[in-house]
Each structure stands twice: as C-alpha cells, then as structure tokens.
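To start, the structure itself, in structure tokens.
Nothing in this text is a laboratory measurement; each read-out follows from the coordinates by a stated rule. Note that this is a predicted model, so its numbers are computed, not measured. Glycine gets a Cβ as well: all are built from the backbone with ideal geometry, and neighbour counts include every protein chain shown.
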Amino acid sequence: MKNEEFRAYAHEFVDWMAEYLDQIEDLPVKSQVNPGDIRNQLPNQPPEMAESMKDIFNDFKNIILPGVTHWQHPSFHAYFNANNSRPSILAEMLTATLGAQCMIWATSPSATELEEVTMKWLKGMLGLPESWHGSIQNGASDATLIALLTARERVTGFKLNSSRSSNRVFRVYGSEQAHSSLDKAVAIAGIGQQNLVKVAVDDQYAMDPEKLREAIQKDIDRGFQPLMVMAAIGTTGSTAIDPLLPIAHVCEEYEIWLHVDAALAGTSLILDEMRWMVQGIEKAESFVVNPHKWMFTNFDCSAYFVKDKKALLRTFSVSPEYLRTKEDEQVNNYRDWGIPLGRRFRALKLWFVIRSFGVEGLRQKIRLHLQLAQWFKERVLRASIFELCAPVPLNTICFRVSPTNKNKLDLDALNKELLESVNATGKIYITHTMLQRRYVLRMVIGQTEVAQRHVEKAWKLLHSTAEELLSRKND
C-alpha cells in the first residue's frame, strides 16, 4: 500500500470510527450471531493474491461487525467494563503508527520516561504511598503472578530461580470471592492449587481477618510456609471490600506479602470519600489497578505498584549481552519489571486520558457512576418482585427476582430466564454470579458515556420483563 492510498483509507476509517461512536446506541449491545456464523462466511484458505482494502473493509463491516459485542455501548452493564474514550483512541492510533517496541530505555526513551511520569501521576491521584514504584502491565492477572513470584523469591532469599528446588510447601491465601487470576497464578508458579487457601467471607462477602489468621496459624503448625495474601478491594462477584487494615495487621504479624487487587475499584480512589477502602495500604507490598476498566483507557493498561523495587528487579531481571546498553545504570528498563520482554507504548494513551479529562473530569465521571448505582439500588429495594443480594459500595448491583409469593418457583431458573430474555433484546447486556449458592444478576454501571437515561432504560426493561415472566409462571 502506497502512502497516498494509506492516507485516503485512514481518513475513511476515521470517519467510520466517529460515525460508529455516534451511532453505537443503534446497535444491539450483545452480538446476536450464533456459533459458527462468522467462521462460515470466511474462506478456509488465505488469498494467494493481494486483495483491495475496499473489499477488506467491506467484509469488516458486513461480516465481522455483526459478530462484535459492543463493549463501548452505554447500555453495556456486563462483567466489568473495559472502557475507552476518544482521547485514548487517538493515542492508540499514534501508538500503532509509531510501532515502537519499548522493552528498554534505549529502544524508546519517551516510552520509558512517560511511563515513569504517568505512574507518578497515578500514584498521587490514588493516594498511594509516595515511596512506591509503578509500571504498566498487561492486566491484573499478570500483576498477581508478578507479586506471587516476587514474594516467593524474597522469602527464599532469591535462590529459588537459580536452584529450582525448595523443600518448603508454600501457601497462598485469598477470600472465597477472590478473582480466578489467583487460582491461575498459583498454578503457573508451580505452587499448586491444593496450596491455595480460600478464606471464608462475612455476610458482606468480604474476607474475615480472623479466619485468615486461623488458616495461617494452622498452616504454620503443619510445617507449611505462608507466602502471600491477596486482599480484594472490589471483588468481581459483588465488589465486596476486604477489610484491608485488619488483614494487613495479620500479614505484618506473620511477615507475609500482602498484595491488593483493586483492578476495578482502584480508580474510585481518585475520590477522597472512597479512600476508606484502602486504610492501611502503606502496610501492603503491592497493589494493582486497571485504568482499562474504569479510567476510560483502551485495553490493555494495568498499573502495578510495588513497595520493594529491588525485590521485583532481582526476581525478573535477565540481562543477555544483546540487550545491554551504556545507559542501563541510569534508567528504568521496564523489561525487568514483569514477565514479557516486549512492551507496547501503553503510557501514551493513559497520558492522553489524564490530560484530556483532567483529574477533576475523571472524578465527575466516577461520582456519576456511583450515584447511578445508588439510584438503581433504590429501585431494587422499592420493587416487591426483586431483592438486593449484596451491598453496593461501588458501581455493581447484585439483585434477583424474588417475589413475595414465590411458592413453587425455581428462582435460579427464573433469574436465568430473565437474564437471557433481556440480553436477547440487544437493548442491554448484563451477566450473573453465584452468591450463597443463589443465581444472582449483576448490573454494572461504568461505561464511559453511560447516563441516567441508560440506567432508567435498563431498569424498565428488567422490571417489565420480570413482571411478564412472573405472570406467565402464575397462569
């Protein structure tokens, strides 16, 4: 492709992108295709000869787009949001154009130094300890694994990587509501899922610190080595807030690495009134928040902060001759701060977002989402056919149909039918979880452009569909 054609299609693509963002509400939130529909429209073999960009773009619009679930739709209320914003999209365009591989300072000084600055900004915005050190990772799952491996190396005197053997049986702790990334991390690290201890939660679905203490002491009595505790600030199921300070005291008493998973909720720490969630954060060893969830920055962009930078580098630093440069002693080489060697220029989009919104603009967005969540919660509490199933400290509401007269009703089946019915309309998209062995609906309010009208629309659809289902059940 010559530059003239590239320029023409770049303009056409940008026009399409702007139109897509303007008209996204006209599209079904969740893709309406069936398994195999996209694959069956694509050839089994790649083309031998070059095809025109016109044909490729037309196939994108006619074949690919119908199979896309629109995560940036303001009626996307499923999972946790993976947001973007117009400033972030513009930065991604520049990142793709530069095509920089930012593994060390020498391969892109701007990428390294901008990452240093944006991590310092973010640390201050969230009220994290000034002495901590931050880097951008692929996701919170990577950050959890990085924390676990660093904790293991430090407790073994940084010998396990080299000796490849240990007589110790390590134990890792998280609540029953902890994210599955912890399960995956202990598997990848070779610690073994049988050595992941799921600590009981209280009636708020938050970790019980006394149960944690009991589990740790029991393991020590059995000759095991407690290694790491992961506290969740905003669990995936219900956004429960593990009590950080009491957990930190337990970790401090037993000298255990405390990792704080605030992948979603961490963004809300830009609000002073939400800092109660991380009282005791200075006692933690590491912390992760995903700007690609609730800070309107394109995936992927996960900010990992660590207290002990030296321990991190001793765990991950590998310096083959072909990567050594004369600046190594003066700079950060972020290839040594995590698992992959290759790194994208991810700081650019976060820098664009923070500058374009301003910290106050970000605060206004987050406050709006929290207010909308409380509005939806009040509607659930007032409705006789629904019940609230968990506290609502953030932007996720867990609820289900549970009418006063529910004799002989299979509530799990009923709520599953409600979820599938509203999602099939294409008007909203929600998901579910299990709490106390109950099938529970999750409504997340955090998309970049979500407004009161979108939440009202979702409530009306859920309420009317639930009434219709109950009417049929009672006939």
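Details
- Electrostatic dipole magnitude of the chain [Cβ: Lys, Arg +1; Asp, Glu -1; Cα centre; debye, to 20]: 660 debye
- Sparsely packed loop sites in the range 163-252 (the trypsin sites (Lys or Arg not before Pro) outside DSSP H, G, I, E and B with at most 15 other Cβ atoms within 10 Å) comprise R164, R168, R222.
- Computed from the Kirkwood radius of its Cα pairs, the Stokes-Einstein diffusion coefficient for the range 100-344 at 20 °C and 1.002 mPa s stands at 117 µm²/s.
- Cα pair distances exceeding 20 angstrom across the range 216-307, given as percent: 38 percent
- 3J(HN,Hα) couplings calculated from phi for the range 95-106 with the Karplus curve 6.51 cos²θ - 1.76 cosθ + 1.60 (θ = phi - 60°) are, in sequence order, 4, 5, 5, 5, x, 7, 9, 9, 6, 9, 4, 4 Hz; Gly and Pro show x.
- Value of Rg to Rh for the range 193-263 (Rh from inverse mean 1/r over Cα pairs, i.e. Kirkwood): 0.95
- Entry note, the chain: the mean residue ellipticity at 222 nm calculated from DSSP H runs of n ≥ 4, each adding -39500 (n - 2.57), is -13500 deg cm²/dmol after division by the residues and rounding to the nearest 500.
- Remark: the range 48-199 projects, on average over all directions, an area of 15.8 nm² (convex hull of Cα atoms).
- Residue order, fewest to most beta carbons within 10 Å, for D242, D336: D336, D242
- Derived scalar couplings ³J(HN,Hα) [the range 441-456; Karplus, 6.51 cos²θ - 1.76 cosθ + 1.60; whole Hz; x for Gly, Pro]: 7, 10, 10, 9, 10, x, 5, 3, 9, 5, 9, 3, 5, 5, 5, 4
- For the range 323-348 versus the range 91-108, the inter-centroid distance based on Cα atoms is 12 Å.
- Over 25 Å apart at the Cα level, from the set K123/K349; K307/K365; K120/K211; K123/K159, are K307/K365; K120/K211; K123/K159.
- Loop-resident trypsin sites (Lys or Arg not before Pro) (DSSP state other than H, G, I, E or B) in the range 343-415 with no more than 16 further Cβ atoms inside 10 Å of their Cβ: K406, K408.
- Rounded to the nearest 5, the antiparallel percentage of DSSP beta bridges internal to the chain is 55%.
- With Cα atoms defining each centre, the range 253-280 and the range 179-246 are spaced 15 Å apart in the structure.
- Cα-based Kirkwood hydrodynamic radius, the chain, one decimal, Å: 24.4 Å
- Compared with the direct C-alpha span, the chain from K54 to D26 gains 7.6 nm at full extension, assuming 0.36 nm per residue.
- Mean separation of Cα contacts under 8 Å (6+ apart) over length of the chain, as relative contact order %: 21 percent
- Counted residue by residue at 0.36 nm each, then reduced by the alpha carbon distance between them, the extension gain from K406 to Q217 reaches 63.6 nm.
- On the beta carbon distance between Q45 and Y79, with R0 = 25 Å, the FRET formula returns roughly 0.10.
- Volume per residue for the range 290-421 equals 202 cubic angstrom (convex hull of Cα atoms).
- Those trypsin sites (Lys or Arg not before Pro) in the range 1-79 that DSSP places in a loop and that have at most 11 other beta carbons within 10 Å: K2
- The range 352-409 versus the range 23-89: alpha-carbon centroid distance in Å: 29 Å
- Cysteines (scope the chain) whose Cβ has no counterpart Cys Cβ under 4.7 Å: C102, C251, C301
- Gain on full stretching of the segment that runs from I63 to D328 - 0.36 nm per residue minus C-alpha separation: 90.6 nm
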